[in-house]
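Below: one structure, written as structure tokens.
The values are calculated or read from the model by the stated rules, or taken from the named source; none is laboratory data. Everything numeric in this text was worked out from a predicted model, so none of it was measured. A quick note on method: Cβ atoms are made from the backbone with ideal geometry, for glycine too, and the neighbour counts reach across all protein chains shown.
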Amino acid sequence: MKKKTIGFTVMFASLAITIAIVALQKSQSKAEESVVYYHADYLFHDTQDSLMETSNVIISGEIIDSDVNEIDISIKNTSTDPQLNPGSTQEETVMVYTVSKVRITQVFKGDVKKGDVIEVKQMGGVLDKTEYRNEGTAYLKKSAQYLLFLMGFDDPDMPYSLLNPVQAQYQYSKGGYQKLPDNNLDLDVGKLSAKEYTRKCAIRDASRMAHFSVFSTLKAFEIYTLCIISE
């Protein structure tokens, strides 16, 4: 078995994430199966206030469709400042995500409106006979209603991300929004409704993007450790 390890580091504007990716390929008669394991350690929040302040979009909505796609999460550095864009070659960073379409029913925070359909990505899924497994991810269910804490990016083509897989999604069931089993935060919807939000983080995030693009090629500003093991 040959092993190849690639490492690179990037910063998320508000999250710290370490991800290990392990690819295992197995041959059975004439058919070849492949499984890629994603493992991510996300920043967890101690309070709902922390979730609310960190998110730049908070909505409730219905999942109307989903698909699995490869997404290039590399930053396209267009800065004319030679210090921010020294002209080094930037490679694509492609990962597999399940992308859900969400029709918004209520907006608590962010530059979106009721009736909009947005895309939300979650790491992993099945694509071209390869299963990409992300431990601990509960994928959004079609036709279900959710309240979501999201992070949006400057690239309009980049789907939103959940702040983390466990604390950033609450499914509506039994007359209320239910948390996932590993989530320590009970949701107080009244606290969301009582506050008005603006995208105060826009300038802050833009400046961080310009700074970190010198060192990285990821739109998501995440810290990745990439390990590939193949037969």
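Filter the range 112-166 down to the residues that are among the polar types (S, T, N, Q) and within 15 Å of TYR37 (Cα to Cα), then identify the one that is modelled with the highest pLDDT.
GLN122
Among the strands (runs of 3 or more DSSP E) contained in the range 137-197, which hold 3 or more residues that are free of Cβ contacts under 8 Å to residues at least 60 places away in the same chain, under 16 Å from the mean Cα position of the chain (by Cα) and closer than 18 Å to GLU62 by Cα?
none
Of the residues in the range 9-22, how many are surrounded by fewer than 17 Cβ atoms within 10 Å (Cβ to Cβ) and either outside any loop (DSSP other than H, G, I, E, B) or at pLDDT 50 or above (or both)?
Of the residues in that region, 3 qualify.
Kindly evaluate GLU135 against the criterion of being closer than 19 Å to SER66 by Cβ, surrounded by fewer than 19 Cβ atoms within 10 Å (Cβ to Cβ) and of a type in the set (Asp, Glu).
no
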